[in-house]
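The values are calculated or read from the model by the stated rules, or taken from the named source; none is laboratory data. Being a predicted model, the structure only gives us computed values, none of them experimental. Here Cβ is always computed from backbone atoms with ideal geometry, including for glycine, and neighbour counts include all displayed protein chains.
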Amino acid sequence: MKVFVVGGGGREHALVWKIARSPLVKEVHAFPGNAGIAEYAVIPALPDDRPETLLDYARRERFDLTVVGPEKYLAQGIADLFATEGIPLFGVTKEAAQLESSKIFAKRLMAEAGVPTARFVAVSSLEEGRAALRSFSYPLVMKADGLAKGKGVSIVADREAAERELSGFIGGRFKDAGKRVVIEEFLDGEELSLILLTDGLSWRTFPFAQDHKRAFEGDTGPNTGGMGAYTPVSIGTETLLGKCEERIVGPLLEILRRKGIGYRGVLYIGLMMVEGEPYVLEYNVRFGDPETEVLLVSLESDLVPYLRAVCEGRLGEMPPLSFREGAAATVVVASGGYPGSYRKGLSIGGIDFLDRSVFLFHAGTVRTPEGRLVTAGGRVFMVTAHGDSLATAVAQATDNAGRILFDGAFFRRDIAHRELRRITR
Ligand code: AMP
Ligand code: GLY
């Protein structure tokens, strides 16, 4: 098979790595890719990454499968476009991608399906917003309806802050993405990620993973795309998985079917555990990043037959995914200043000194025309390790992250801190 992976972050590097290991796969291409992906995949020189350009390339190269990483392309309708030409693509349609691209769409669907989630009101003017605020206590949560690069969520402590945030959202701080706002109840608990493959009827789950969204140790500092992750999570028991499938996955897929919305791709459920019960914070329509890195190094099964089965609507024929014993952890090495502004083009050293058993997934890296490896993004590497125990995996990923050198590089030394305290207690 010839496979095309769309995207260029750590998640896509992990996907390319896993797909390239499949005995079914002869050749992998990727776009826009990064310096790490370039070691396994052909990266074409395309003029841009518009869905039309990608379709044109896929048609020319006659790929057997195209796999889409980021939500951006799905929200732009890349799956619909490929479908018009009958070109196989793993990823949901534009209509289904609203589950991530519109929080109001997602919340309304959850309410209709009876999926446990924070109580909410959707508003689109200051007047409506002010009226809605009266029915909430503080803290409360305000979310831009549309895609806002993970920055469209604000937790507000009091009425004054709520008024200020509301004016900011409605006033256009997130352009059109924030002109409609979800106001919702604050849920206090521990977050968990549940990721699964589905063809809309059947699903196959990955083990629970936990991400670390804050920039700095001790879960302080601004929210980021994720600074590290690990799997499995001890609170993610079989019982919890059963509850999630029964209360969240089943009802969601059923209501999508009832509305005639096909769903073939990834479903990522961002959960908040409140007193042992799962509530949905958000749905994403793609693999999590950096959760995917730890899930794929743990995955024993060949991923490719599953991706194909999803596309062909026959996932129900596939056995459960199987995973290696042990645990995996990933530590993100980021550019100084991230998630705010940061420099690019900084020379990277040290990667030749990593342990051979470590998976070094690149995110924001490129090679200069002279072949020098330099930074090109906020998150630069996801240093990933698998071990017999979580403690070993975390220690190895953290230690190796420290060997990577570039100006201003930083990473968290406390990935999996909650779990490590829990399991050594
Ligand atoms: P979201 O993009 O909806 O996942 O929100 C981003 C982050 O904001 C989540 O990962 C949580 O840490 C936090 N968050 C979102 N909604 C809530 C809520 N209702 N209660 C508490 N925290 C929340
Ligand atoms: N790690 C969080 C996300 O992928 O959205």
Open item on the list: Quick check on my filter: what residues within segment 228-274 are within 16 Å of ligand 2 (Cβ to nearest atom) and outside any loop (DSSP other than H, G, I, E, B)?
Closed with: Gly228, Ala229, Tyr230, Thr231, Gly265, Val266, Leu267, Tyr268, Ile269, Gly270, Leu271, Met272
Task: Residues being touching a residue at least 40 places away in the same chain (Cβ under 8 Å) and part of a helix (DSSP H, G or I) - total across segment 106-147 - done: 10
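Going by the structure shown, is Leu252 within 27 Å of Ala309 (Cα to Cα), buried (at least 18 other Cβ atoms within 10 Å of the Cβ) and in contact with a strand residue (DSSP E or B) (Cβ under 7 Å, 6 or more places away or on another chain)?
Values: within 27 Å of Ala309 (Cα to Cα): yes; buried (at least 18 other Cβ atoms within 10 Å of the Cβ): yes; in contact with a strand residue (DSSP E or B) (Cβ under 7 Å, 6 or more places away or on another chain): no.
Against the criterion (within 27 Å of Ala309 (Cα to Cα), buried (at least 18 other Cβ atoms within 10 Å of the Cβ) and in contact with a strand residue (DSSP E or B) (Cβ under 7 Å, 6 or more places away or on another chain)), Leu252 does not qualify.
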Task: Filter result for the condition that a residue is more than 26 Å from Gly236 (Cβ to Cβ), crowded, with 19+ Cβ neighbours inside 10 Å and at pLDDT 95 or above, over Tyr338, Tyr279, Tyr342 - done: Tyr338
- [ ] Within segment 345-384, count every residue that is within 15 Å of Asp407 (Cβ to Cβ), buried (at least 20 other Cβ atoms within 10 Å of the Cβ) and charged (D, E, K, R).
- [x] 0
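Out of Leu187, Leu196, Leu241, Leu147, I need the residue that is within 13 Å of ligand 1 (Cβ to nearest atom) and more than 28 Å from Gly337 (Cα to Cα). Which one? Give the steps one after another, and end with the answer.
Details: Leu196 fails: within 13 Å of ligand 1 (Cβ to nearest atom); Leu241 fails: within 13 Å of ligand 1 (Cβ to nearest atom); Leu147 fails: more than 28 Å from Gly337 (Cα to Cα).
Of Leu187, Leu196, Leu241, Leu147, the one residue that is within 13 Å of ligand 1 (Cβ to nearest atom) and more than 28 Å from Gly337 (Cα to Cα) is Leu187.
Considering every residue within segment 144-161, establish whether at least one is among the acidic types (Asp, Glu) and closer than 30 Å to Leu55 by Cβ.
yes
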Open item on the list: Looking for something within 16 Å of ligand 1 (Cβ to nearest atom), more than 23 Å from Gly69 (Cβ to Cβ) and either outside any strand (DSSP E or B) or in contact (Cβ under 8 Å) with a residue 24 or more places away in the chain (or both) - is there at least one such residue anywhere in segment 308-321?
Closed with: no
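Please give the helices (runs of 4 or more DSSP H) falling wholly within segment 16-104 in which 1 or more residues are modelled with pLDDT of 95 or more, in contact with a helix residue (DSSP H, G or I) (Cβ under 6 Å, 6 or more places away or on another chain) and within 20 Å of Val3 (Cβ to Cβ).
Working: elements: 51-61, 71-75, 78-84, 94-101.
Per the criteria, 51-61, 71-75, 78-84.
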- [ ] Scan segment 372-389 for residues that are over 16 Å from Gly33 (Cα atoms) and out of contact with any Asp or Glu (no Cβ under 6 Å at 6 or more places or on another chain) and report the count.
- [x] 7
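Give me a count of the residues in segment 52-81 that are free of Cβ contacts under 8 Å to residues at least 40 places away in the same chain and either farther than 21 Å from Ile261 by Cα or buried (at least 23 other Cβ atoms within 10 Å of the Cβ) (or both). Write out each step before concluding.
Going residue by residue through segment 52-81, those that are free of Cβ contacts under 8 Å to residues at least 40 places away in the same chain are 52-53, 55-56, 59-60, 76-77, 80-81.
Subset that is either farther than 21 Å from Ile261 by Cα or buried (at least 23 other Cβ atoms within 10 Å of the Cβ) (or both): 52-53, 55-56, 59-60.
Selection size over segment 52-81: 6.
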Open item on the list: Under 8 Å between Cβ atoms, which residue pairs at least 6 apart in sequence (or on different chains) link something in segment 183-195 that is modelled with pLDDT of 95 or more and in a strand (DSSP E or B) with a partner that is of a type in the set (Lys, Arg) and within 12 Å of ligand 2 (Cβ to nearest atom)?
Closed with: Glu191/Lys213
Open item on the list: Name the residue that is nearest to the chain's Cα centre (by Cα), counting only residues in segment 148-162 that are closer than 22 Å to Asp188 by Cα and either without any contact (Cβ under 8 Å) to a residue 24 or more places away in the chain or in a helix (DSSP H, G or I) (or both).
Closed with: Ser154
- [ ] Look at Gly402 and say whether it is small (Gly, Ala, Ser) and either in contact (Cβ under 8 Å) with a residue 12 or more places away in the chain or closer than 20 Å to Ala14 by Cβ (or both).
- [x] no
Task: Neighbours by Cβ (under 9 Å, 6+ apart or cross-chain): first from segment 288-302, within 17 Å of His362 (Cβ to Cβ) and free of Cβ contacts under 8 Å to residues at least 12 places away in the same chain; second of a type in the set (D, E, K, R) and more than 16 Å from ligand 1 (Cβ to nearest atom) - done: none
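For segment 196-222, give me each residue that is part of a loop (DSSP other than H, G, I, E, B) and within 18 Å of Leu271 (Cα to Cα).
Applying the first criterion (part of a loop (DSSP other than H, G, I, E, B)) to segment 196-222 yields 199-202, 206-208, 212-213, 217-219.
Result: Phe206, Pro207, Phe208, His212, Lys213, Asp219.
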